[in-house]
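As structure tokens, the structure follows; a few thoughts come after it.
The values are calculated or read from the model by the stated rules, or taken from the named source; none is laboratory data. Predicted model only: the values in this text are computed from it and were never measured. Positions of Cβ are backbone-derived with ideal geometry, glycine not excepted, and every protein chain shown enters the neighbour counts. SASA here: full protein model, heavy atoms, side chains in, ligands and nucleic acids out. Shrake-Rupley method; radii C 1.70, N 1.55, O 1.52, S 1.80 Å.
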Amino acid sequence: MASGGTEELERPTSLKSPVWEHFGFPVKYDDEGKRLVDKTVTACRHCGTRKPYDTGNTSSMATHLKRHHPGVSLTGVKLKTKTTQQPFITAAFTQPLVAQSDRAKAITKAIGVFIGADMRPYSVVQNEGFKHMLKVLEPRYNIPSRTHFSEKIVPDLYEQEKKKVVDELSRASSVALTTDGWTSRGAQSYVTITAHFITADWELRSPVLQTRPLYESHTSTHLAQILTQAVEEWKLKRPSTNIPVTTDNAKNQINAVNEAGLGPHIGCFAHVVNLASQKGISINRMDRLLGRIRKVVSYFHRSTTAAHVLKTKQEMLKLPTHKLIHDVPTRWNSTYDMMERYLEQQAAIYSALTDKTLKKNVKDIITLSDDDVRVAEEVLQVLKPLKTVTSLLSTESSPSVSMILPLKTRILQSMAPSVEDSIITRDVKTAIREDLQHRYTSPPTLQDYLHRSTALDPRFKSLSHMDPALRQRTYSDLTTEIVSSLGTEDCDEGQAAEPTGANLDSSSPPQKKSAMAELFGETFATSSKDKKTPADIIKEEVASYLAASGITVDGDPLTWWKSNECRYPHIATMARCYLAVPGSSVPSERVFSTAGDIVTATRSTLSPDNVDTLVFLKKNLQL
């Protein structure tokens, strides 16, 4: 027998007998919180005794009250339509959340962040597994439709993040851009633009600004229009400050930057290295050698039997069980990796190709001779600096424009001819050197810009890769640019003008001299020759900066400037502008892989607006 008052009972409002003031139907809740009323039995509100109820007869309940609760009156009782019993606390957790409640809004926004930050499709909110997870985490929450997320939640999230980016850009003293084009799975062309700037706290920020569809042909005029619109939309113009743009070396990209009135245009150094390397590996003998390697690699990629035999031989010869690498024509470093892997596995390859299991199936496949292997090893050594540079540009968070000329000089030094070079090695070096030599030399203003960028990087400020005359001219140009940016001509005139009696108000009393001025004013008077103009101050600052110790080449230039900004304030202002300019368009190219995860085969018809929104949130949303 249950004790009274501990169980929720429902009074049937349609039944008028006074007995129902003391009895009721038991109420239970299932696992999902659904309220269940058992009308096959009744329970006493005073002692909890249960009575069967299947005929509609209340006699047994009345008898129970007379026998066990004689003080209860069954006449003249005012019937109540609702029970006064306090609901159980579990009932409160079964009530659905109001859509406008703080809790429901927070969950809905979190789902929007999940879609944007993790590149999830809007249809994820309809997936059974996702809905089940939410039901377990918060049973009271009713998830909105996918349309609500695509038309309301995610766009609102985009506007919030866009406002943050615009605020950051407005505080930046200067902004640089990178841009590149790509094509989605749905054969739609897009142009992505990223911005780069250094904050007051010397942190490099690189937000993605926009991804716009390009419906017309990729002419320089159309690309210039997109760049111009981006500059206006994101309010990037600064008085007396240019907007450098880094792109690949395509002619339409170069012309677009010029037509948009931006610049200087910086050719992507990673692209330059790729072009020079392609020149080197495309000479006749080298091309034939690579063709033989590709045939071998393709054979082991096509045949599962051959791949198994190769793995067996690798284990037998105690070589790493690495798969052979097939190169991609547009990426020279993949050709380098292919050659390197072939030379690593040549013993296992030769053993596998001569195995009786494969020998009868091998046709038109010729392994490398000893002379070919020697040539391949020599060429790998020649290409190694280029491979290192490519890896550096790809892994560096944002390779600065200051690195371009030091890297170019280092590559050209490694391509210098040697008496020990074989004919093919000499030809490879010559092809690379001739392609790279003229890069970044035209127009001359670009070369001067890159020299100043390098001088502002504490890793390379000694400019040891230059001859003394060019080094001196570079720092002289840097000094002139700083003086010009400060408007020192006006400053000089203002400081040179001394107040005279004619300029003073005759009615104003003469200034009272201090005691120190009375005693020493005549003896230690400062002559006009001792007064320094702003130009002199800047020259001394540049000389002090040049004489200061730098940092190692693997140090962080922004960290150095953060510590030394107070010592060289004018140079630091220039450094904040120059060091924000990327030396590679890799930041824009990285968007391609992100976009590939967003515009998948199942989402190839995603609208351009949604592509722009999702790419923006993925790259800029900070949790």
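Here is how the numbers come out for the structure above:
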{"item": "Candidates Ala117, Ala99, Ala106 - the one that is open to solvent by 50 Å² or more (accessible area, probe 1.4 Å), of a type in the set (A, V, I, L, M), modelled with pLDDT of 85 or more and within 39 Å of the chain's Cα centre (by Cα)", "result": "Ala106"}
{"item": "So Ile411, is it under 30 Å from the mean Cα position of the chain (by Cα), among the hydrophobic types (A, V, I, L, M, F, W, C) and open to solvent by less than 60 Å² (accessible area, probe 1.4 Å)", "result": "yes"}
{"item": "Search result, residues across the stretch 447-472 that are open to solvent by less than 20 Å² (accessible area, probe 1.4 Å) and not in a helix (DSSP H, G or I)", "result": "Leu456, Asp457, Pro458, Lys461, Leu463, Met466"}
{"item": "Matching residues, the stretch 201-221, being open to solvent by 30 Å² or more (accessible area, probe 1.4 Å) and closer than 23 Å to Cys577 by Cβ", "result": "Asp201, Glu203, Leu204, Arg205, Ser206"}
{"item": "Any hit, the stretch 430-439, residues being open to solvent by 70 Å² or more (accessible area, probe 1.4 Å) and part of a helix (DSSP H, G or I)", "result": "yes"}
{"item": "Hey, Arg426 outside any loop (DSSP other than H, G, I, E, B) and either touching a helix residue (DSSP H, G or I) at 6+ places or on another chain (Cβ under 8 Å) or modelled with pLDDT of 95 or more (or both) or not", "result": "no"}
{"item": "Residue ID - modelled with the lowest pLDDT, chosen from residues in the stretch 12-30 that are of a type in the set (A, V, I, L, M, F, W, C) and within 16 Å of Ser59 (Cβ to Cβ)", "result": "Leu15"}
{"item": "Criterion (within 30 Å of Val125 (Cα to Cα), aliphatic (A, V, I, L, M), open to solvent by 30 Å² or more (accessible area, probe 1.4 Å) and modelled with pLDDT under 80) met by exactly one of Ala92, Ala2", "result": "Ala92"}
{"item": "Per-region count, the stretch 338-373, residues farther than 13 Å from Lys313 by Cα and either open to solvent by less than 20 Å² (accessible area, probe 1.4 Å) or touching a residue at least 40 places away in the same chain (Cβ under 8 Å) (or both)", "result": "13"}
{"item": "Which numbered condition Lys323 fails, given (1) more than 38 Å from the chain's Cα centre (by Cα); (2) of a type in the set (Lys, Arg); (3) closer than 26 Å to Ser391 by Cβ", "result": "(1)"}
{"item": "Qualifying residue in the stretch 338-349 (condition: among the hydroxyl-bearing types (Ser, Thr, Tyr), under 30 Å from Ala270 (Cα atoms) and under 44 Å from the mean Cα position of the chain (by Cα))", "result": "yes"}
{"item": "The stretch 135-155 - residue that is in a helix (DSSP H, G or I) and either free of Cβ contacts under 8 Å to residues at least 12 places away in the same chain or open to solvent by 60 Å² or more (accessible area, probe 1.4 Å) (or both) and, of those, nearest to Asp609 (Cα to Cα)", "result": "Glu151"}
{"item": "Inter-residue pairs, beta-carbon under 8 Å, first among the polar types (S, T, N, Q) and in the stretch 284-302, second open to solvent by 10 Å² or more (accessible area, probe 1.4 Å), 6+ apart", "result": "Ser298/His326"}
{"item": "Selected residue (criterion: most open to solvent (accessible area, probe 1.4 Å)) from residues of the stretch 9-55 that are under 21 Å from Lys66 (Cα atoms) and among the small types (Gly, Ala, Ser)", "result": "Ser17"}
